[in-house]
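The values are calculated or read from the model by the stated rules, or taken from the named source; none is laboratory data. Worth saying up front: this structure is predicted, and the values here are computed from it rather than measured. Methodologically, a virtual Cβ is constructed for each residue, glycine included, from the backbone with ideal geometry; neighbour enumeration extends over all protein chains shown. These area figures cover heavy atoms from the full protein model, side chains too; ligands, DNA and RNA do not enter into them. Shrake-Rupley method; radii C 1.70, N 1.55, O 1.52, S 1.80 Å.
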Amino acid sequence: MSCIALEEGLRPLPADDIDPAVDVVPDVIEALPDAVIVTDESLQIRLVNRTARQLLATEDLSGRGLPELFPRAGHAARVTDAVRVGATGPLRLPVLTDEGEEVEVELHLGRMGRLVVASLRALGDLGALERLAGTARYIQAVLDAAQQLQQATDVTSVLDDVLPALCRRLDWELAAVWMTSEGGAALRCTTTWQAPDTDIAGWEDLCTEVRLGTGDGMVGATWRSGTTRLTDDVVADMDDARAPAALAARLHGAVTFPLVGRDGVRGVVELLSRGTPPTSPELGDLLTTVGRQAGMFLDRLEDQESARRREEELRYRAALLSAQIDAAPQAVLAVSKDRTVLAANHKFEDLWRLPRGTVKTGQPSPALQGPTLVQVQDPAAFEAALRWGHEHPTQSQSLDVPLMDGRIIHGEAAPIVDEDGEYHGRVWFLTDDTERRRADAERTQLVQQLQQAQRSQSFLLQASRVLAATSGYAESLERLAAVAVPTLGDICLIDVVQDGGVLRRMAARHADSRMQPLVDELGRRFGPEAGGVHPSAMVVQSRHSRWSAEMTDEFLRATCRDEEHFAIVKELGFTSYMTVPLVAGEAVLGTLTLVSAGSGRRFGPDDLALAEDLAGQVAQVAAKAHRYEREHRVAHTLQASLLPTDIPEVAGVRFALRYSASPRAAEVGGDWFDVMTLPSGAVRVAVGDVAGHDTGA
């Protein structure tokens, strides 16, 4: 922490008035034994050190100017003129302390940027004057170094330019900078300097080849301790391969001071001389401060360089991203969390049919603006979906946006998150999904049709097998009703036309056995009436199918006989129906009715077509069974007419009769028997067999 105090109540210099390297001044001033005062260009006092406050017997110089410290008008004018013309002094003037005492001082002036540095030393003896001269040299060395730091643009220039400035001002002939390397395990020489009149052959190569560890010679010791070291016998303290060359060059004086950055010692500066330059404690303090400030300045420059490289990398990435976005097959839009455009391509403008150049980086996102919103069918839902994305910064997002023109835009979004996990926005990839969805819908419809056709054919095949296995008209209809549920509907009702045009319910089956009693009740008590408004009666009359996806209460009441009938169909849950005729040749044998009751199914044209196909097969089987039963009844009647109604009684003879018809065909074949009494009193028993079967035989 700096020991220089900014006088309480004084206004600090504005930031743009202070040079980047000026932060070396406060610590250096405090390290010096002389009174030092720093002013701005108007000579208003800004900084003073402890020695100056002691010399002037004051703790507060707030608001005062440098000329005010000199009590005589002529002396104040000399100070002002010296600053104006750039004179450095020395000036011998009396200064007035706050206790009213005049103290004779020698004043040295210097400049650094816009600052004026004044050094004051009370005149007493020759040693004091010499120390004052040394102090002035130290200050000037610091000013030179600070000036080089101010002009430095990179890490290399800091070391290459600051070293000569220090050496020339402080009479050192050689210098070397050792920086940490090999992951911090050693020191490597990165920079060397020799005074123009100094030429030690091979010195630079020797320094470059040497690797120093912690504790190796003065350099290694400074690296280990982090403190400045001074010696007047460098050869004795140099513990590396350069010692013979140093001895041959008659090097004596040396000083090493650390370059201290925020993470510790970054390196060590080594100054060497053939002579024995001044090695006062003030010099050690000065170089320690300069090393610390230079190390910090190196940190700062490296930070700036790192920031520059990051900026270049960001520009490169931005250019690469822009090229990728432009080459992307989708429309791309990247927006920040405050909904400004980060990037977009022309495909985005084309997709939303916006004029080229409408979407620009840094401007508000076009997603929620008029030209876009007017195209969206549901703007509120669209905005809510975009808001959801920013409210869930870690999640990806998928969105379908139906447009007014019938198109559907599909979007996929991912969050934009940096390496620290901070959310910066979202990037959207958008496509016109209309044609793909249409093709998918057509494919799905075709597959469904094929699957339905396959199911239909499988069902009809099963129904044909069931009907083929029946042996009677009534059984055929019962088996048909059983196989029709639940494949075609929840309830199957079959009504047939009997002699006289009467409709009779021949079969009633429910897919749920628990509901079968109610369906049986409908069959027993509430069959359709011929000529009525019941769908079965109307289909018999029109020979055309009837169906509806919905069965309203009005429709049900119109087709029900009474409230009890209506209550049963409501309890069964009638919701949809279809009734198709059973047609054989020119005759309508009856109807097949399928009802959706409880499953929620709604019949459509495909269901009706399947029911009609089934009805066509059933009608043929039913017609055949109906004919068979009719012939069976006729054959039995004819058979009975061929047999005797009674047997004559004959004395001494008892007759027993038994007739069993053939189980095949019409179960009759015209076979007969009879018992007759002849005139002679004999009894004739006759048995006849007619060739063939059925009614024709």
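Where Lys and Arg each count +1 and Asp and Glu each count -1, what net charge lies around residue 261 among other residues with Cβ under 13 Å from its Cβ? Result for the neighbourhood of residue 261: 0. Summing Lys, Arg as +1 and Asp, Glu as -1, what charge do residues with Cβ under 11 Å from the Cβ of residue 402 carry, residue 402 excluded? Summing Lys and Arg as +1 and Asp and Glu as -1 gives -2.
Which value, in Å², gives the accessible area per residue of region 497-591 when a 1.4 Å probe is used on the protein heavy atoms?
Values: 4910 Å² over 95 residues.
Value returned for region 497-591: 52 Å² of accessible area per residue.
Can you put 193, 388 in order of accessible area, largest first, using a 1.4 Å probe? Don't jump to the answer; show the numbers that get you there.
Values: 193 40, 388 90 Å².
Correct descending sequence by accessible area is 388, 193.
In region 48-121, Cα pairs under 8 Å separated by at least six residues give a relative contact order of 24 percent. Accessible surface of region 454-594, 1.4 Å probe: 50 percent of it comes from carbon and sulfur atoms.
Put simply, when 106-119, 66-79, 481-494 are sorted by average Cβ atoms within 10 angstrom per residue, most first, you get 481-494, 106-119, 66-79. Residue ranges 417-425, 350-358 sort as 350-358, 417-425 when ordered by packing (mean number of other C-beta atoms within 10 Å per residue, highest first). Structural descriptor for region 223-323: relative contact order 26 percent, calculated from alpha carbon pairs under 8 angstrom and at least 6 residues apart. Taken one residue at a time, the phi angles of region 66-77 give Karplus couplings (6.51, -1.76, 1.60, θ = phi - 60°) of 4, x, 5, 6, 9, x, 9, 4, x, 5, 4, 5 Hz. Gly and Pro are set to x.
Within the accessible area of region 245-353, the carbon and sulfur atoms contribute 55%, probe 1.4 Å, all protein chains present.
What does the charge count around residue 535 come to, taking other residues whose C-beta lies under 11 Å from its C-beta (Lys +1, Arg +1, Asp -1, Glu -1)?
Details: positive: 546; negative: 495.
Summing Lys/Arg as +1 and Asp/Glu as -1 gives 0.
Within straight-line reach of residue 360, meaning a Cα separation under 24 Å, sit the following lysines at least 8 residues removed in sequence or on another chain: 337, 347. For residue 590, nonlocal amide neighbours, meaning residues 5 or more places apart or on other chains whose placed amide H falls under 5 Å from its own, are 497, 582.
Carbon and sulfur: what percent of region 359-431's accessible surface (1.4 Å probe)?
That fraction is 56 percent.
Given a 1.4 Å probe and the protein chains as shown, residue 337 ends up with an accessible area of around 120 Å². Put a plus charge on the Cβ of each Lys and Arg, a minus charge on the Cβ of each Asp and Glu, and nothing anywhere else: the dipole of region 267-406 about its Cα centre is then about 240 debye.
In this view, the solvent-accessible surface of residue 520, computed with a 1.4 Å probe and all protein chains in place, comes to about 60 Å². Dipole orientation for region 251-354: of the candidates 252, 265, 324, 324 has the Cα lying most toward the positive pole (charges on Cβ; Lys, Arg +1; Asp, Glu -1).
With every protein chain kept in the model, how would you rank 346, 410 by accessible area, 1.4 Å probe, largest at the top? Please report the intermediate quantities before stating the final value.
Numbers: 346 95, 410 40 Å².
Largest accessible area first, the residues go 346, 410.
In the assembled protein chains, residue 189 presents an accessible area of approximately 10 Å² (probe radius 1.4 Å).
Across the protein chains, with a 1.4 Å probe defining accessible surface, the residues 426, 387, 339, 514 rank 514, 387, 339, 426 from largest area downward.
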